[in-house]
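Asker: Before I ask anything, here is the structure I am working with.
The values are calculated or read from the model by the stated rules, or taken from the named source; none is laboratory data. Worth saying up front: this structure is predicted, and the values here are computed from it rather than measured. In this analysis, Cβ positions are derived from the backbone assuming ideal geometry, glycine residues included, and neighbour counts consider all displayed protein chains. What goes into the accessible areas is simple: the full protein's heavy atoms, side chains included, and nothing from ligands, DNA or RNA. Shrake-Rupley method; radii C 1.70, N 1.55, O 1.52, S 1.80 Å.
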Amino acid sequence: MKFEDLLLEIGGFGRFQILILAVLCLPRINLPMHFLLHNFLAATPSHHCAIPHQEEFVNLTMEEVLLISIPRKPDGTFSSCEMFSQPQFHLLLNSSLQPENKSIIQQCQHGWVYDHSQFTSTISTQWDLVCEQRGLNQATATFFFIGVTMGAMVFGYLSDRFGRKTMLQLSLVCSVVFGMLSAASVSYTMLAITRTLTGVALSGVSLIVLPLAMEWVDIQHRTFTGILTSIFWSVGNMLLALAAYLVREWHWLLVAVTGPCLLSIVCLWWVPESARWLIAKGKVKQAHRHLLTCARMNGRKDFAVSPEALRRMATDKNMGGSYSYISLFRTPVLRKISLCSGMVWFGVAFSYYGMSMNLTGFGLSIYLSQFVFGVIEIPAKMVMYVLVNRVGRRQSQAWTLILTGLCIGANIVIPNSLTSLRSVVAIMGKGFSEAAFTTVYLYTSELYPTILRQNGMGYTSFMARLGGALAPLVFLLDEMWRSLPEVTYCGIAVCSGAVAFLLPETLNVRLPEGIEDIE
């Protein structure tokens, strides 16, 4: 007997599974509010060098003070990082003149003045992470994703060793602790450390929620489960835009996006441990108790399977052994799956966060861009619900990634003046990108056997977070060539889409339980 046969007897998608999904969707909503928080936490408003002795220019307007104090860039706007060493009063007579002596231009000497019309404060304005310090500002996102990368390896192993629910609870508690410490940061170093640790903690939530839900539902509802949990990510996306719009001060914004984790901790008490995992680990009495609860809630009162039958199921599949990440590469088919899925996850995350962290240049406000990018994800997921069941997981995964890359590439050649067209193409690209992310979560959870599923998800999540960690740093390449970041995102997306064609199809296939099911 296989676990799918048990699910048919107890009800593969009834009140029991709906309750589990409802509770697990709460932490899912919270994830993007942290993963994409960098857009607002580290936003850099328009700024210019602080002008010394400005009170001496009482007879001049602010525009005239800037004119004599700050050099202009080629596009006519005032420089953000340079100032004149002495006031250039002659520019008042003819503002089109350019100073012939470049030596009078110097870097900001007295700090910066920021436009606070959009943000009361961000970490950029708090610690002057602009100009020469711009790299530290982008590195904040990288530190967070380095934490998520480390957490993926840790929680992937621990949840296979100690259980899905236990590690999910630990992850949520640590998320609250480190999230609140981030909000209380008094220095950039403290923020970098606490955001890294928050990333480690939240990685467990990201890694465990979907497999825990998937291991309780039958084959027919796996796709629906994957899409539903993914839709709640998009809801979190939109709620982040709302939270950031209402809370313009970065300390309180961190509190606002961390607080909902407390609700998830409370509600998680109603979620049972994965019966699949319990049987795989030989804990058949506990599994039997949960299965009976499931059958009772789903109205299957005639369900009768003894613990001995469950024990034989575990013994027959030899699922109680000890496995590690090395096991993902020991056998030929698993090795190919692991290598290809790792590359696909890297490409999915790299292109997704590359697009998600670039909310300017489309003619929309940063809040509206964030909200629209969240809204477009929902119809993209609805379409994927049909596609992954019609054309299969593999084709869906490959083409959504390739089309993401083509949309990014298209915006390289579309002039900046065509803001409406650029917005449409960017929104389409964001939709394809989210469709690729939706598919890869569902696809990967079906590729690995039960005994290695969390190790497999941990490894692929590690690759994804590596992509997420590198994505914000790529923006710094615009100093070499303005379009180099977009070219990089485009190339990685298309290449990883091509690799997806090498993975096996899993449409309407039983979830593998042992390594022999894969090989």
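Asker: Per q in 0.09, 0.13 1/Å, what log10 I(q)/I(0) does a Debye calculation on the alpha-carbon atoms of the chain return?
Answerer: Normalising to I(0) and taking log10 leaves -0.67, -1.23.
Asker: Here's a follow-up. Could you size up the charge dipole of the chain around its Cα centre, putting +1 on the beta carbon of Lys and Arg and -1 on that of Asp and Glu, and report it in debye to the nearest 20? Display every interim value, and only then the final one.
Answerer: Details: 37 positive and 32 negative charges, 437 e Å.
Once rounded to the nearest 20, the dipole reads 2100 debye.
Asker: Looking at the chain, which Cys residues are left with no other cysteine's beta carbon under 4.7 Å from theirs?
Answerer: Unpaired cysteines in the chain: 25, 174, 261, 267, 294, 340, 407, 490, 495.
Asker: Can you compute the helix-only [θ] at 222 nm over the chain? Use -39500 (n - 2.57) per DSSP H run of at least 4 residues, normalise by all residues, nearest 500 deg cm²/dmol. Spell out each step's value before the answer.
Answerer: Working: 21 runs with 338 residues, N = 519.
Computed mean residue ellipticity for the chain: -21500 deg cm²/dmol.
Asker: Report ³J(HN,Hα) in whole Hz for each residue of segment 399-412, in order, from the Karplus equation J = 6.51 cos²θ - 1.76 cosθ + 1.60 where θ = phi - 60°; Gly and Pro get x.
Answerer: 6, 5, 5, 5, 5, 4, x, 5, 5, 4, x, 4, 6, 5
Asker: What's the angle, to the nearest 10 degrees (0 to 90), between helix 164-183's Cα axis and the longest principal axis of the chain?
Answerer: Result, in degrees: 20.
Asker: Show the residues, 5+ positions off or on another chain, whose built amide H is closer than 5 Å to the amide H of residue 112.
Answerer: Under 5 Å from the amide H of residue 112: 50.
Asker: Could you report segment 327-518's accessible area per residue, 1.4 Å probe, as an integer in Å²? Before the final figure, lay out the partial values.
Answerer: Values: 7040 Å² over 192 residues.
On a per-residue basis, 37 Å².
Asker: Express the relative contact order of segment 327-518 as a whole percentage, based on alpha carbon pairs under 8 Å and six or more residues apart in sequence. Can you show the working numbers first?
Answerer: Numbers: 280 pairs, mean separation 78.7, N = 192.
In percent, rounded to a whole number, it is 41.
Asker: Which residue, chosen from 271, 241, 257, occupies the Cα position most advanced towards the positive end of the dipole of segment 240-304, where the dipole is computed from +1 (Lys, Arg) and -1 (Asp, Glu) charges on Cβ about the Cα centre?
Answerer: Checking the options against the dipole of segment 240-304, the answer is 271.
Asker: Sticking with this structure for a sec: What Rg and what Dmax come out for segment 327-518 when only alpha-carbon atoms are used, in angstroms?
Answerer: Rg and Dmax of segment 327-518, Cα atoms, are 17.1, 57 Å.
Asker: I've got another one for you. How large are Rg and Dmax for segment 382-434 when calculated on the C-alpha trace, in angstrom?
Answerer: Expressed in Å, the Cα Rg and Dmax of segment 382-434 come to 12.9, 40.
Asker: Could you order peptides 213-220, 481-488, 413-420, 7-14 by the average number of other Cβ atoms within 10 Å of their residues, highest first?
Answerer: On the way: 213-220: 20.4, 481-488: 16.1, 413-420: 10.4, 7-14: 18.8.
Sorting 213-220, 481-488, 413-420, 7-14 by mean packing, highest first, produces 213-220, 7-14, 481-488, 413-420.
Asker: Taking H placed 1.01 Å from N in the peptide plane, check which residues at least 5 places from residue 298 or on another chain put their amide H under 5 Å from its amide H.
Answerer: Close amide H contacts, sequence-distant or interchain: 16.
Asker: Here's another thing I want to ask about it. Quick one: angle between helix 307-317 and the longest Cα principal axis of the chain, in degrees between 0 and 90, rounded to 10, please.
Answerer: Compared with the principal axis, the helix lies near 70 degrees.
Asker: With θ taken as phi - 60° and the coefficients 6.51, -1.76 and 1.60, list the Karplus ³J(HN,Hα) couplings across segment 34-45 in order, rounded to whole Hz; mark glycine and proline as x.
Answerer: Along segment 34-45, the couplings run 9, 5, 10, 4, 4, 4, 10, 4, 10, 4, 10, x Hz.
Asker: Taking the 0 to 90 degree range and rounding to the nearest ten, how far is the long axis of helix 484-500 tilted relative to the main principal axis of the chain, both from C-alpha atoms?
Answerer: On a 0 to 90 degree scale, this one is about 10.
Asker: Turning to a different aspect of this structure: Give the accessible area for residue 387 in Å² (nearest 10); use a 1.4 Å probe, count only protein heavy atoms, and leave out ligands, DNA and RNA.
Answerer: That residue has around 60 Å² of solvent-accessible surface.
Asker: Right, next: Let me know the charge dipole size of segment 327-518 about its Cα centre in debye, to the nearest 20, where only the beta-carbon of Lys, Arg (+1) and Asp, Glu (-1) is charged. Show your work: numbers first, answer last.
Answerer: On the way: 13 positive and 10 negative charges, 37 e Å.
Roughly 180 debye, rounded to the nearest 20.
Asker: Multiply the residue gap between residue 335 and residue 61 by 0.36 nm, knock off their C-alpha separation, and tell me the result in nm, one decimal place.
Answerer: Numbers: separation 274, 0.36 × 274 = 98.64 nm, distance 6.81 nm.
Extra length from residue 335 to residue 61 when fully extended: 91.8 nm.
Asker: Answer rounded, prolate or oblate for segment 47-114, using the Cα gyration tensor with square roots of eigenvalues a ≥ b ≥ c: rounded when a/c is under 1.5, else prolate when a/b is larger than b/c, else oblate.
Answerer: Numbers: a/c = 1.39, a/b = 1.06, b/c = 1.31.
Rounded.
Asker: Just need the relative contact order of the chain here, percent rounded to a whole number, with Cα pairs under 8 Å and 6+ apart. Numbers along the way, then the final one.
Answerer: Details: 870 pairs, mean separation 111.6, N = 519.
Relative contact order, the chain: 22 percent.
Asker: Which one of 352, 423, 483 has its Cα pushed farthest toward the positive end of the charge dipole of segment 327-518, where Lys and Arg give +1 and Asp and Glu give -1 at the Cβ?
Answerer: Farthest along the dipole direction, towards plus: 352.
Asker: Would you mind getting the accessible area per residue of segment 47-114, heavy atoms of the protein chains only, 1.4 Å probe, in Å²?
Answerer: 62 Å²
Asker: Right, another one. Give me the percent of the accessible area of the chain that comes from carbon and sulfur atoms, probe 1.4 Å, all protein chains in place.
Answerer: Details: 13640 of 21040 Å².
C and S fraction of accessible area: 65 percent.
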